Amino acid sequence: MIKKYILLPLLLIAATFIYAQPQRKVLLTLKKGEILYYAEYASNMRINGHKFTCILNDTLNDKKIFIHNGERKVTASEIYAYNINPDDFNKCVFEYYNNIKGTDKQQHYLSLYGVNYGPYEGIDYYYETDKCDDYTGQSNINYALPHEFRFTLMGEDYFHYEDGSILDAKETRYEYQSPNKQHEIHIDHSKRFVTLDDRRFIIPIPMDGNCSKYDPRVCLFDDGTCFYEQTCEMTPGIKTFQFFITPTAIKQLIVGKEYYDFDKHQVLPYKKDADYSGSIDYMLWPYERLGWDYKNHELVTTYNFTLQDKSKRHLFIANWKYDYVLIDGKKYGKHCPIDAFYDEDTNAFAWTTIEGNEIVLYTFDLN
């Protein structure tokens, strides 16, 4: 009887130990000459379905490869990813170009939420993830107009507007229509008056402001309201004015005190330390993971992660100087992860490693 009681706890301990081991899943097998290009491009992942995105560098052919859930979607001379979505490739935002053989020129392309633009000789695109600028305290109209950009063809610059209209970059657009075609706004050439549907408004910009060199930025909504931005040369300096126009009134936004929330369609109080990130994924750029290796006296890419679950009872730690991870003080794995995250849907820690020619996802169930 004594032996049986001794064996039972040992069996329970053994079973618990086996259950607590992380699950290993190979996400991608790299081909000869392929390496992970910017490890943070593998950051947007989901445990369910093992969904992930990354960009590879084909060192043999000097090409970059956009990988989405194991599929090689785009191959180009260079790829710049602005927004990556592992659930839907058509929700990704990225720019890429191909070198034209025998010349020093390129063909540039832009992919915005499933809409592809190009080829162009050049693209000037700014992707905004915050609804409000922390530095200026003003609303970011680029957040609401992701399809607006400049491009070059045959040496000439053009501007692509949110509704698909294209104008010579030297021209000014004076008329806009809401997406549902029910509302229109007309801008006077002086840039000091606007007519929203059949109502005329004065744009309250100081008379000493010279707006001739700057085109207005306009976001006209389906409900007939409008966000309006105008930059002017002042004495001294340059100043940007922002307004919210309704069918009955125009309101100038007070910098540092209020801003326009493009998601909620409201003028809200501005708070300096608030989080103004919108519903757009933010990617960690390379310089944010650089650290100094004091032993070898060089700048290196560092990977340091500290995670907790929603109960705050479990702790995940990884450091680029160690070839394993710690979960609740116990060692797991034989590699430092290039990325790690807590998945609330499955209540699990997950981390990604590069092992030989494989990109591997480990999952540690906390249930």
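In what sequence, largest accessible area first, do Ser111, Ser190 appear using a 1.4 Å probe? Don't skip to the answer; put the middle values down first.
Working: Ser111 5, Ser190 55 Å².
Reading off the accessible areas and sorting them downward yields Ser190, Ser111.
By how many nm would the segment from Thr152 to Glu233 grow when fully extended, if each residue of separation counts as 0.36 nm and the alpha-carbon distance is taken off?
Stretched fully, the Thr152-Glu233 segment lengthens by 26.5 nm.
Note down the accessible area of Asp323, probe 1.4 Å, to the nearest 10 Å².
Approximately 90 Å² of Asp323 is accessible to the 1.4 Å probe.
Using protein chains only and a probe of 1.4 angstrom, how many square angstrom of Arg199 are accessible, to the nearest 10?
100
So how exposed is Thr75, as accessible area in Å² (1.4 Å probe, rounded to 10)?
Per-residue accessible area (Thr75): approximately 80 Å².
Between the range 301-361 and the range 168-189, what is the separation of their alpha carbon centroids in Å?
Here the two parts' Cα centres lie 51 Å apart.
Hey, if we sort Leu60, Leu153 by accessible area with the 1.4 Å probe, largest down, what's the order?
Leu60, Leu153
Between the DSSP loop rule and a limit of at most 15 other Cβ atoms within 10 Å, which trypsin sites (Lys or Arg not before Pro) in the range 310-367 are left? Don't skip to the answer; put the middle values down first.
Values: sites: Lys310, Lys312, Arg313, Lys321, Lys330, Lys331, Lys334; in loops: Lys310, Lys312, Arg313, Lys321, Lys334.
Filter output for the range 310-367: Lys310, Lys312, Arg313, Lys321, Lys334.
Just want to confirm a number: the relative contact order over the range 98-198, from Cα pairs under 8 angstrom separated by 6+ residues, in percent.
Rounded, it is 13 percent for the range 98-198.
Place +1 on the Cβ of every Lys and Arg and -1 on the Cβ of every Asp and Glu in the range 153-208, take the dipole about the Cα centre, and give the residue among Met207, Asn180, Phe159 whose Cα lies farthest towards its positive end.
Farthest towards the positive end: Met207.
Using packing as a proxy for protection, rank 20-27, 228-235, 79-86 so that the peptide with the highest average count of other Cβ atoms within 10 Å comes first.
Those peptides, ordered most packed to least, come out 79-86, 228-235, 20-27.
Across the range 81-230, what fraction of all alpha-carbon pairs, as a whole percent, falls in each successive 10 Å bin from zero upward?
P(r) over the range 81-230, rounded to whole percents: 10, 32, 35, 18, 5, 1.
The values are calculated or read from the model by the stated rules, or taken from the named source; none is laboratory data. What you see is a predicted model; the values in this text were computed from it and never measured. So basically every Cβ, Gly included, is an ideal-geometry build from the backbone, and we count neighbours across all protein chains shown. When the accessible area is computed, the model is the full protein with side chains, heavy atoms only, and any ligands, DNA or RNA have been set aside. Shrake-Rupley method; radii C 1.70, N 1.55, O 1.52, S 1.80 Å.
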